[in-house]
Amino acid sequence: MTDIAVAAWETAAATLEHLAIELPSWAFGNSGTRFRVFGTPGTPRTPEEKIADAATVHRFTGLAPTVALHIPWDTVEDFAALRAFAEDHGVRLGTVNSNTFQDEAYKFGSLASSDPAVRRQAIDHHFQCLDIMAVTGSRDLKIWLADGTNYPGQDDIRRRQDTLADSLATIYERIGPDQRLVLEYKLFEPAFYHTDVPDWGTAYVHVAALGERAVVCLDTGHHAPGTNIEFIVAQLLRLGKLGSFDFNSRFYADDDLIVGAADPFQLFRILAEVIRGGGLGPGSPVAFMLDQCHNIEEKIPGQIRSVLNVQEMTARALLLDRDALELAQREHDVLTANGIVMDAFATDVRPVLAAWREERGLPADPMAAYRASGYRERIIAERVGGAQAGWGA
Ligand code: AOS
Ligand code: ZN
Ligand code: ZN
């Protein structure tokens with residue numbers, strides 16, 4: 001142990017045991033921008049292969065026990081068999097993400113569409129997701145909508161809110177007692193003038209109207225530049241409505257880059273606020289997930305790096321001396337308070353985390369262990385013609 005106090009680390013390590021980060025199945029598929037989708041050798045061709053890769057991330061890190069599915073991208077004949085396959089590989093199936101953004105029918109919206117037939121189709125799709133969740137044992141149905149308009153006057157934005165509220169209420173009626181409807185917001189894209197669920201406030205208004213089992217998903221890439229995301233975290237936790245995170249990094253918009261790569265300090269501040277609000281540990285309602293795409297880097301090490309980044313910033317946030325901070329805050333000692341936060345952020349936790357892993361039978365350096373394992377060479381040899389995330393996957 002270097003300059004980290006033993007007692008402080010022991011307390012932090014106990015909470016760290018509860019850190020679990022769900023991996024998105026689509027992170028293992030090929031993805032790109034509208035300019036080009038670059039392939040990666042060894043890319044999975046089936047949902048089973050995506051799950052096998054996710055299980056590999058878990059095997060080397062001990063941090064990722066569940067995999068999120070995307071329907072219809074991960075549709076299989078037999079979801080019970082997919083569940084068994086996942087469990088045989090040491091992971092469980094997690095959140096089911098619905099998809100009402102790729103069918104021709106949804107050109108002008110889905111759950112907020114003015115066309116009752118389109119709305120019916122979108123609602124039925126969510127019912128189908130709920131049927132799948134009953135088999136996969138998933139708790140959360142995550143809804144992200146591409147709904148919106150491109151031009152002022154294109155549609156009645158006020159009426160669309162009412163329509164959306166009705167559609168969500170119809171879906172919510174079928175949410176089981178142990179399940180949750182998780183509504184994700186996004187500032188813009190693919191709609192550019194207005195989006196029907198653009199911000200946490202709108203998401204909150206809708207989930208609050210639905211009931212207790214409806215909560216908000218905060219995707220870290222879905223805000224205007226400069227937004228204080230940790231404030232949103234504090235507020236949603238205060239209101240009991242922070243259901244989950246889609247973690248990723250952004251430089252400009254919804255970049256979906258590796259979490260902690262662009263701004264580790266922001267990730268630290270978010271996690272510190274999660275911990276402050278009781279969002280980490282036994283009984284916490286907050287699910288940690290990644291929502292990333294690996295356009296040019298390799299996907300499995302990309303996911304390993306991602307979960308390690310979350311673990312590293314969580315460990316630093318857990319080392320925040322809260323008693324000292326509270327005292328400094330009470331005394332309005334601005335610089336001492338800020339210094340306490342910066343001290344925690346500046347702590348190099350990598351050596352203690354390496355030891356933490358070894359104590360649990362995990363490799364001290366998961367990235368190196370993965371590279372040495374031969375898994376990469378095996379999948380490159382075995383898998384030819386890997387699939388794109390989403391379409392065709
Ligand atoms: C879209 O921008 C959202 O982040 C979704 O959570 C997610 O990326 C999508 O459902 C996966 O394609
Ligand atoms: Zn997302
Ligand atoms: Zn996104």
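Values quoted throughout were computed directly from the atomic coordinates according to the rules given, and no laboratory measurement underlies them. The structure presented is a predicted model; accordingly, all values stated were derived computationally and were not measured. Don't worry about glycine lacking a Cβ; one is built from the backbone with ideal geometry, like all the others, and counts go over all protein chains shown.
Figures for the structure shown
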{"item": "Residues whose placed amide H lies under 5 Å from that of GLU22, excluding near-sequence neighbours", "result": "PHE288, MET289, LEU290"}
{"item": "Efficiency of FRET between ALA80 and GLN128 - r from beta-carbon atoms, R0 25 angstrom, step 0.05", "result": "0.95"}
{"item": "DSSP-defined antiparallel bridges as percent of all bridges, segment 6-382, nearest 5", "result": "15 percent"}
{"item": "Counted charge near ALA117, where neighbours are those whose Cβ lies closer than 14 Å (Asp, Glu -1; Lys, Arg +1)", "result": "-1"}
{"item": "Surrounding net charge for PRO351, when Lys and Arg each add one and Asp and Glu each subtract one, Cβ distance under 15 Å", "result": "-3"}
{"item": "Ranked list, fewest to most other Cβ atoms within 10 Å of each Cβ, for ILE157, ILE379, ILE296", "result": "ILE296, ILE157, ILE379"}
{"item": "Residues VAL37, VAL57, VAL205, VAL384, sorted so that the one with the fewest Cβ neighbours within 10 Å comes first", "result": "VAL384, VAL205, VAL37, VAL57"}
{"item": "Computed E for MET342/GLU189 - FRET, C-beta separation, R0 35 angstrom, nearest 0.05", "result": "0.55"}
{"item": "Above-threshold pairs, the threshold being 18 Å between Cα atoms, out of LYS107/LYS142; LYS142/LYS299; LYS142/LYS241", "result": "LYS107/LYS142; LYS142/LYS299"}
{"item": "Three-way shape label, segment 6-382, alpha-carbon gyration tensor, a/c 1.5", "result": "oblate"}
{"item": "Pairwise FRET efficiency - PHE265 versus VAL334, Cβ, R0 = 30 Å, nearest 0.05", "result": "0.95"}
{"item": "Total formal charge among the other residues, if their Cβ is under 13 angstrom from that of ASP254, Lys/Arg +1 and Asp/Glu -1", "result": "-4"}
{"item": "Under 5 Å, built H, 5+ apart or other chain: amide partners of ALA214", "result": "LEU181"}
